[in-house]
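Working notes for the structure below.
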Amino acid sequence: MDKALAAVRWIGLVSSALASIAFLGLGNYNMAGLMGSLAVLSLINIRRKRRARPTDADNTRTF
C-alpha cells in the first residue's frame, strides 16, 4: 500500500510539472503558476513523507 501511495505522489508531481510547462507554452500564466505551485507542494509532501517513515520498533505514525 505504501508503494502505491508513493507512486501516486510521484505521478502527481510529474503531471503538475508537465501541466505547468504546457500552460506556459500556451501563454496561460495564471494556470501555469497554479500548476507550478502544486508541483512544489507535491515535492514538499514527497520529501516530508520520505523523512517521516516510522521504523518497525516504533508503533507511532507521523502525519
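Computed quantities for the displayed model
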read-out: Meets criteria (open to solvent by 90 Å² or more (accessible area, probe 1.4 Å), at pLDDT below 90 and of a type in the set (Lys, Arg)) for ARG51; value: yes
read-out: Positions within the stretch 9-34 being among the polar types (S, T, N, Q) and part of a helix (DSSP H, G or I), in sequence order; value: SER15, SER16, SER20, ASN30
read-out: Matching residues, the stretch 25-48, being over 8 Å from the mean Cα position of the chain (by Cα) and open to solvent by 90 Å² or more (accessible area, probe 1.4 Å); value: LEU26, TYR29, ASN30, LEU34, ARG47, ARG48
read-out: Selection within the stretch 11-24 - of a type in the set (S, T, N, Q) and open to solvent by 50 Å² or more (accessible area, probe 1.4 Å); value: SER15
read-out: Contacts under 8 angstrom Cβ, first residue in the stretch 32-49 being closer than 18 Å to LEU5 by Cβ, partner aromatic (Phe, Trp, Tyr), 6 or more apart; value: ILE46/TRP10
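The values are calculated or read from the model by the stated rules, or taken from the named source; none is laboratory data. Note that the structure is predicted; figures quoted are calculated from it, not measured. A quick note on method: Cβ atoms are made from the backbone with ideal geometry, for glycine too, and the neighbour counts reach across all protein chains shown. Remember, those area values only see protein heavy atoms, side chains included, never the ligands or the DNA or RNA. Shrake-Rupley method; radii C 1.70, N 1.55, O 1.52, S 1.80 Å.
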